[in-house]
Amino acid sequence: MILVIIATHYLPHVGGLELATYHLAKELDKQHNEVHIITPSPDPNNNTTPIHMHRYPIHTYPDEHPIRAFIDGLTFFKKTVKTIKEIKPDIIHAQNITNSIPAYIVWKKYRIPYTICIHGNLELMGPFLPTSLKRYWPQLPHIKEAAQIITLTNEMATQFEKELGTKPVVIPNGVDLDRFYPAENNEKKKSVSPVILTLSRIDNKKGLEYAIESMKKVHAKFPTAKLMIVGDGEYRSELEKLVEMNMLSATVEFTGLIPNSEVPVYLRNADLFLLPSLYEGLPLTLLEAMACGLPVISTPVSIAPEIITTWKNGYIIPFKSPDAISEAIIDLLSNSDKRRQCAENSFRAAKETMSWENVAKQYAELYQFILESN
């Protein structure tokens, strides 16, 4: 099978969508498919991969130059259509709705089917999906003519079926088990201080203020316990003030941004993973923490309730509840047998259901079904 993936962002820029595109392409390539990635994302390091890359860098302009940015986008679409014509793929995979526009043009001219995988909130899909025209979304031709729309979670599928008038297929992202795995005995941290780790962009939708407030009760029970907040963002200064106000400077640590290569190290040196977020698409960090064998504590966002209920690897806590967070942390830190069982269940869930090999097989089966149906 010859597959083209159209992705607005790609490596070396690191983000959830970029990593998902890379791992999907890599695994499909391993499964004897010919995979091409078309992207406007530049690569200043000229890194090479086993995947066929087609990079058409475009200038990105700030908000005061929307017309120039729009023209650049159309130029990229034109180059994308030309490249797809030359490749002659069996099927096209558009990462998010905007990238389905050139795929739709190809469908109309050459009848090459395409899928759309939606990775985030529909209202953040850019100028080609204006919220003011929301009632017309189901009639937009590049959505209507897609062979299949794919979402990452059942929650997203329900929302998008309502908004787009079509039922998506759910295929979650995977986790790289070659990088994320439990610590060996000789790798385990030497410190006896329990570490509760959060790993995310720091903004006002991540619920980190409730995690910080929870540490007052945790500190009273476990004086050496530490909440480690990995990441950075515009809300950090507000959270640092909250830490000072609650006299938790010795209990809460802000690491700032860390290199992507160090993320597995931080996870393997933690005791618990905490996701207090108010909203998530598909929290890749949750999957990575599970692959590293961590018990998890999460609000009921995205796939967290389904995972934790099925695999019994931690706790689901209410939104905006410092008391619930502290109770879950204290319970797990107080009970080593329960903590060990949750850790084993986390790793088993990641290994059995969340590998990129399994995810790529689901995509390959979907592609094959579409090709046989056309």
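Figures for the structure shown
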read-out	value
Taking the stretch 230-374 and dividing mean pair separation by its residue count, relative contact order in percent (alpha carbons under 8 Å, at least six apart)	19 percent
Rounded accessible area per residue of the chain, 1.4 Å, Å²	48 Å²
Choice from 33, 96, 313 with maximal GNM fluctuation in the chain (Cα, 10 Å cutoff)	33
Among 223, 172, 276, residue whose mean-square fluctuation peaks in a GNM of the chain (springs only between Cα atoms under 10 Å)	223
Positive-end extreme of charge dipole, the chain - chosen from 91, 107, 32 (charges on Cβ)	107
Entries in 85/144; 109/144; 205/226; 221/351; 144/205 that, when Cα-Cα distance is taken, lie over 25 Å	221/351; 144/205
Of (i) 66; (ii) 55; (iii) 51, the label for percent of Cα pairs over 26 Å apart derived from the coordinates	(ii)
Within the accessible area of the chain (1.4 Å probe), percent carbon and sulfur	53 percent
Surface accessible to a 1.4 Å probe, residue 323 within the full protein complex, Å²	80 Å²
Shape category assigned to the stretch 176-296 from the gyration tensor of Cα positions, a/c cut at 1.5	oblate
Gain on full stretching of the segment that runs from residue 163 to residue 334 - 0.36 nm per residue minus C-alpha separation	57.0 nm
Mean-position separation - Cα centroids, the stretch 259-291 and the stretch 1-56, in angstrom	24 Å
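The values are calculated or read from the model by the stated rules, or taken from the named source; none is laboratory data. The structure presented is a predicted model; accordingly, all values stated were derived computationally and were not measured. Ideal geometry is used to build each Cβ from the backbone, glycine not excepted, and the neighbour counts take in all protein chains shown. Surface areas here come from the heavy atoms of the whole protein model, side chains and all, with no ligands, DNA or RNA. Shrake-Rupley method; radii C 1.70, N 1.55, O 1.52, S 1.80 Å.
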